Amino acid sequence: MYRILTLSLLLSLSFISCTSTPKGNLLNPNAFRATINEKREKIVIDVRTPGEYNEGFIKNALNIDWNNSSFGDEVAKLDKSTPVFVYCRSGGRSHSAVNAMANMGFKEIYELEGGIMQWQRAGLPLETKDNSGPIGMSMKEYKQLQNTDKLVLVDFHAPWCGPCKKMAPFLKEIADEQADLLKLHKIDADQNPTLAEELSINSLPTLLLYKNKKLVWSHIGYIEKDELLKKIVTFN
């Protein structure tokens with residue numbers, strides 16, 4: 001009798017494991033799009049390769065390749081409290097990415113059922129990169145920001161970037177405290193992709209410090225206020 005009960009329990013656990021639901025909310029293309037539009041703040045992630053991404057992507061989607069070894073590091077920079085929408089070509093990679101992100105602590109994750117293939121079958125639009133001209137600030141306009149006797153601190157950031165949000169308040173404090181010596185320029189990398197590419201901005205946040213129109217210091221990732229102030233004082 002004991003053996004029969006044990007076997008029954010194991011079979012029940014096995015059934016539950018095999019039929020467990022994904023860690024994200026699986027939505028069909030129309031529901032996925034509607035939910036994106038409903039959320040005021042969100043992060044849309046295309047986990048395909050850059051080549052696939054360039055052929056067409058959902059509006060405002062970030063390309064973080066699931067098969068790239070840097071996937072975990074890039075995703076870790078995102079704000080885990082912001083709703084995240086994930087998709088790939090047909091659903092395999094996005095499912096793996098969603099489970100990984102859930103284990104990393106992301107609170108609200110939505111997955112596109114059937115990926116871009118189903119999205120296109122539903123007749124929904126895709127964006128493509130327009131190579132006809134620069135998007136956002138031009139390099140000429142960027143260089144004009146440096147036409148000053150003061151130090152120039154440029155903060156490349158994005159609304160979805162967790163460390164960027166954390167740094168924003170004390171960057172403003174520094175700009176106010178050092179107003180006589182320093183100018184702060186905040187540039188949204190998503191809104192200025194051409195400039196970001198020309199300056200090889202591959203990670204956020206990225207800080208660039210200029211003196212007399214020359215780059216004298218740069219930093220990628222989060223930095224404490226005190227450490228940043230020390231660097232600024234060094235070049236004053």
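Looking across the range 196-235 at every residue that is among the polar types (S, T, N, Q) and assigned to a strand (DSSP E or B), the one that is nearest to PRO50 (Cα to Cα) is identified as THR206. For ALA175, the conditions (1) exposed (fewer than 13 other Cβ atoms within 10 Å of the Cβ); (2) more than 30 Å from ASN54 (Cβ to Cβ) are fulfilled apart from (1).
In a helix (DSSP H, G or I) and in contact with a Lys or Arg (Cβ under 9 Å, 6 or more places away or on another chain), is that true of ILE135? Working first, answer last.
Working: in a helix (DSSP H, G or I): no; in contact with a Lys or Arg (Cβ under 9 Å, 6 or more places away or on another chain): yes.
When the stated conditions are applied, ILE135 does not pass them.
A search for C-beta distances below 8 Å between a residue of the range 46-60 that is outside the structural domain of SER90 (by TED's automatic domain parsing) and surrounded by 12 or more Cβ atoms within 10 Å (Cβ to Cβ) and any residue that is among the basic types (Lys, Arg) and in a loop (DSSP other than H, G, I, E, B), counting only pairs 6+ apart in sequence or on different chains, returns nothing. All conditions but one from (1) of a type in the set (A, V, I, L, M); (2) in a helix (DSSP H, G or I); (3) exposed (fewer than 15 other Cβ atoms within 10 Å of the Cβ) apply to MET167; the one that does not is (3).
So which residues in the range 73-123 are assigned to a loop (DSSP other than H, G, I, E, B) and under 14 Å from ASP46 (Cβ atoms)? Walk me through how you get there before you give the answer.
Applying the first criterion (assigned to a loop (DSSP other than H, G, I, E, B)) to the range 73-123 yields 77, 79-83, 88-91, 105-108, 113-114, 122-123.
Those that are assigned to a loop (DSSP other than H, G, I, E, B) and under 14 Å from ASP46 (Cβ atoms): CYS88, ARG89, SER90, GLY91.
For the range 55-80, a residue qualifies if it is more than 9 Å from the chain's Cα centre (by Cα) and either closer than 28 Å to ALA122 by Cα or among the charged types (D, E, K, R) (or both), and the qualifying residues are GLU55, GLY56, PHE57, ILE58, LYS59, ASN60, ASP65, TRP66, ASN67, ASP73, LYS80. Among residues of the range 204-222 being surrounded by 16 or more Cβ atoms within 10 Å (Cβ to Cβ) and under 14 Å from HIS157 (Cβ atoms), the one that is modelled with the lowest pLDDT is LEU204.
Considering PHE106, PHE156, PHE170, PHE85, the condition of being of a type in the set (Phe, Trp, Tyr), assigned by TED's automatic domain parsing to the domain that holds ALA34, in contact (Cβ under 8 Å) with a residue 12 or more places away in the chain and out of contact with any Phe, Trp or Tyr (no Cβ under 6 Å at 6 or more places or on another chain) is satisfied by PHE106 alone.
The values are calculated or read from the model by the stated rules, or taken from the named source; none is laboratory data. Given the structure is predicted, the values throughout are model-derived calculations rather than measurements. So basically every Cβ, Gly included, is an ideal-geometry build from the backbone, and we count neighbours across all protein chains shown.
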